[in-house]
Each structure stands twice: as C-alpha cells, then as structure tokens.
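Shown next, in structure tokens, is the structure this report addresses.
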Amino acid sequence: MNHKILLWLGSISLTTLMAGCNSEMDFVKNSTLPGYEQTTIGRAVESVLGDVDWRYFETDKGVRVVEAKGLPGMQMFDFPATGKKLLYSDFDRVLKKHCENPQKVVIQFSLHANAESFDVNYCGYGEYSLSCSNLFSYMYRGSAKYNSTTEWCGRVLEEKAKKEAEESEKKRQEEERRKKLREETLSSIKYFTDPRNKEIYITAKIGNQRWMTENMKFATPLSLCYEGDEKNCSYYGRLYTWEEAKLACPNGWHLPSDNEFVTLIKTVGDRSTLKSQADTIDWRGADGSDKGGNNYFVFTMLPAGMKAGYWKGLHNAAYFWTSSGTARGAFAYENMESVDFSIGCYLSVRCVMDNNPQVEVPLEDSPYDPDEMYD
C-alpha cells in the first residue's frame, strides 16, 4: 500500500499517551512510500537512526500520531565519514552538541480517520525543524546507514586529545625557544656610542639582527621633540620625517626595511614582548588598564607618539619609520602593526646594524648585569 507524504511543520500538543497500540505503529512501520517500495518505512528509519523509540499517542484534538525518535548517526550531519575534515576548532562544539548531550531526530506520522492512510507531518532535530522531503530522500539513499555516534564520539575525543597534546608540545617548544632566545639576547647586550654626538645607546642581538634598544636622538635639521619639549627627546627620542629618518642612523647602522621589521616580529613571536612595561603614565588605557608589554627581548618599545599636522599618541602609541616607501608614502609600524603614513609625518626611528658594516662599529660590554637591568 502506498501512502502520500504531506509536509506540515505545525506544532503538536502532546496530551494523551496511549499504550498497547502496536497495530498503529506496525501499520506505519510496515508501510512503504511512493517511489520507495523496496524498503519499509520502519527499516528505512532504523537504518539511519540509532536506538529508535517508536510510540503512539493522540493529541488533545484527537489526532492519532505514530512517532519515531532516534539518534542521528555521524553520517547524517556531514562529518568525517563523508570525507569532510573536522577542524580542530569544531571539536568542542561537535562534542557538546552530538556527544555530551545528543539530540534525537523526531519523525511524526498522523493517521487519517479511515485508518488506511497517513501523512508525514513533522520532522525535527532537537529544537529545529527538518525538511521531511530531504530527510526521507537521505534515508532511502542506498549509501545511507547508521553509524553509531558512540564510536565516533570516542574517535573525536581521541583526536581532540591528540591535537591538544600536539598543541601543548608546540607551546612548550615555543616557550623553550623564546627562553633560549631571551638568554642569548641578554648575553648579547652591548653599548654603542654615536660618534656624531657621543650619545650612548644600548644594543642587543635579537635572533640574527642587532638592534638599538632605544629611539634615535640624533638631531637632524627637521627633527622634533614631542610638543617641542626637550625632556621628551631625552626620554623618548626625536621624531623625524621619512626623508630625515633615512639620515638619522650612524654609519654601520641603517633605517630598517619593512622586511627587517617583519623578521623581528617573527623572531620574537609576540609583539607584546617588544613593548616596554607600563608605568604610571606610559601604556595606560583611558581606564588606567595596563596596555604595556613585558619587554622580554629588551627592545623597549616606548610610546613616543607622533606628529601628523597635530600631536598624537604620547604615552599610548609607538610609531616607527621603515626605509620602504615612495615619494607618496612609506611603510611604518604603529605598535608593531604595519601601516602607511605620509612621508611628511614625524615618527620615531630605530636603527638596525648593517649585515656587513663597511666601517668599524665599536661595541662595548655592558657594565651592568643584564638580568638586573631587565628582570
């Protein structure tokens, strides 16, 4: 006997549960659907749902309903069984939804008064409605079958544990690498005296680059102190236009390119490790929160601010020129994030040592214990 499918997604109020009505349930389970006569409804449902619970009840309006409720297998929701890779970021969501608190698929059949036909009037999954047409098309697909989520969830848990162990090991290795890099950086600290004005700078080798760990203070014709205050120059260094920035570094040193900044950031792995620590005024948010770093690699990035027609950023932003640019604009770094600026702006300059200096670059040992300088 063939029975039509009428899709109606209205809600059903369940009030009266009737026991001992296996004839109605067997009637639905043993029936077939048009175009799918080779398999009964009961076999189709139980082939793709697990732990199926069949029951019969009447609604408060006297509608007689046969309901099938069962767990969806892993194949139903297009997880790894279909060849789709389950992303690591999906594990927690999938485990919670399908493993820790699995929802069941519900299919409801309403029997007609003549007791010789019925409609499929509701399909749902948890709190969501499903397309009955799509669901039955899936159930009658030759390749469709129930794959227990119990076994699958176990595999997901194992995969999650494996990924977590891998991530933990990567983190441990990265921490070890950075710890070793810090030790090497601290032991590399040297002093350099600029022969042009006898200004002394602390320098450190971070990876394969030797950087000045202070902003340049050499006075070029157009360089400025923030708000014209010499105290700002003394502590934060001078501010330069792009053309002047290319003249600021002494022989043996140069204004770093964009690629050299990228190398520095990749070497340390975390921009915050380049920022100086917050004090009473520097690197403080409007609410007084700590916006500073830990200066782990002694780069000592200070929030020296800038001038772009007006002063901005003192105490809360660091801006550095790179040598990469054109007459229209140049690459720069704001808090170690790449940005573009007009070449007429005034920013800070950090110098990096030439790879093969053409002049002697005298470096002197530090008279202080680096661990005490940068504890």
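The values are calculated or read from the model by the stated rules, or taken from the named source; none is laboratory data. Quick caveat: nothing in here was measured; it's all calculated off a predicted structure. Glycine gets a Cβ as well: all are built from the backbone with ideal geometry, and neighbour counts include every protein chain shown.
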Inset, instruction - Determine, yes or no, whether Glu174 is surrounded by fewer than 16 Cβ atoms within 10 Å (Cβ to Cβ) and either modelled with pLDDT of 85 or more or hydrophobic (A, V, I, L, M, F, W, C) (or both). - result: yes
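From Ala304, Ala332, Ala318, grab the single residue that is in contact with a Pro (Cβ under 6 Å, 6 or more places away or on another chain), under 27 Å from Thr193 (Cα atoms) and assigned by TED's automatic domain parsing to the domain that holds Arg210. Walk me through it before giving the result.
Values: Ala304 fails: in contact with a Pro (Cβ under 6 Å, 6 or more places away or on another chain); Ala332 fails: in contact with a Pro (Cβ under 6 Å, 6 or more places away or on another chain).
Every option except Ala318 fails the conditions.
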Inset, instruction - Identify the single condition in (1) under 25 Å from Gly313 (Cα atoms); (2) buried (at least 21 other Cβ atoms within 10 Å of the Cβ) that Ala204 does not satisfy, given that it satisfies every other one. - result: (1)
Inset, instruction - Collect the residues in the range 275-297 that are hydrophobic (A, V, I, L, M, F, W, C) and in contact with a strand residue (DSSP E or B) (Cβ under 7 Å, 6 or more places away or on another chain), keeping them in residue-number order. - result: Ala278, Trp283, Phe297
Legend entry - Qualifying residues in the range 333-356 (those that are under 25 Å from the mean Cα position of the chain (by Cα) and in contact (Cβ under 8 Å) with a residue 24 or more places away in the chain) - the one surrounded by the most Cβ atoms within 10 Å (Cβ to Cβ): Tyr333
Inset, instruction - Could you please give the count of residues in the range 306-331 that are of a type outside the set (S, T, N, Q), touching a residue at least 40 places away in the same chain (Cβ under 8 Å) and under 21 Å from Val262 (Cα atoms)? - result: 6
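Residues are listed down the side, and each one gets a yes or a no for (1) at pLDDT 85 or above; (2) among the aromatic types (Phe, Trp, Tyr):
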site	(1), (2)
Asn22	no, no
Thr32	yes, no
Glu37	no, no
Phe77	no, yes
Asp90	no, no
Lys96	no, no
Cys99	no, no
Pro102	no, no
Ala115	no, no
Inset, instruction - Answer yes if at least one residue in the range 48-65 is at pLDDT below 90, part of a helix (DSSP H, G or I), in contact with a Gly (Cβ under 8 Å, 6 or more places away or on another chain) and not polar (S, T, N, Q), and no otherwise. - result: yes
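Which residues, counting only those in the range 24-47, are of a type in the set (Asp, Glu) and part of a helix (DSSP H, G or I)?
Of the residues in the range 24-47, the ones of a type in the set (Asp, Glu) are 24, 26, 37, 46.
If the condition is that a residue be of a type in the set (Asp, Glu) and part of a helix (DSSP H, G or I), then Glu24, Asp26, Glu46 are the ones that fit.
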Legend entry - Every pair of residues 6+ apart whose Cβ atoms lie under 9 Å, when the first sits in the range 242-257 and is on the phi > 0 side of the Ramachandran plot while the second is hydrophobic (A, V, I, L, M, F, W, C) and at pLDDT below 95: Gly252/Val359; Gly252/Val361
Legend entry - Among the residues listed as Ser276, Ser257, the single one being among the hydroxyl-bearing types (Ser, Thr, Tyr) and surrounded by 19 or more Cβ atoms within 10 Å (Cβ to Cβ): Ser276
Legend entry - Number of positions in the range 181-201 that are surrounded by fewer than 18 Cβ atoms within 10 Å (Cβ to Cβ) and of a type in the set (Ser, Thr, Tyr): 4
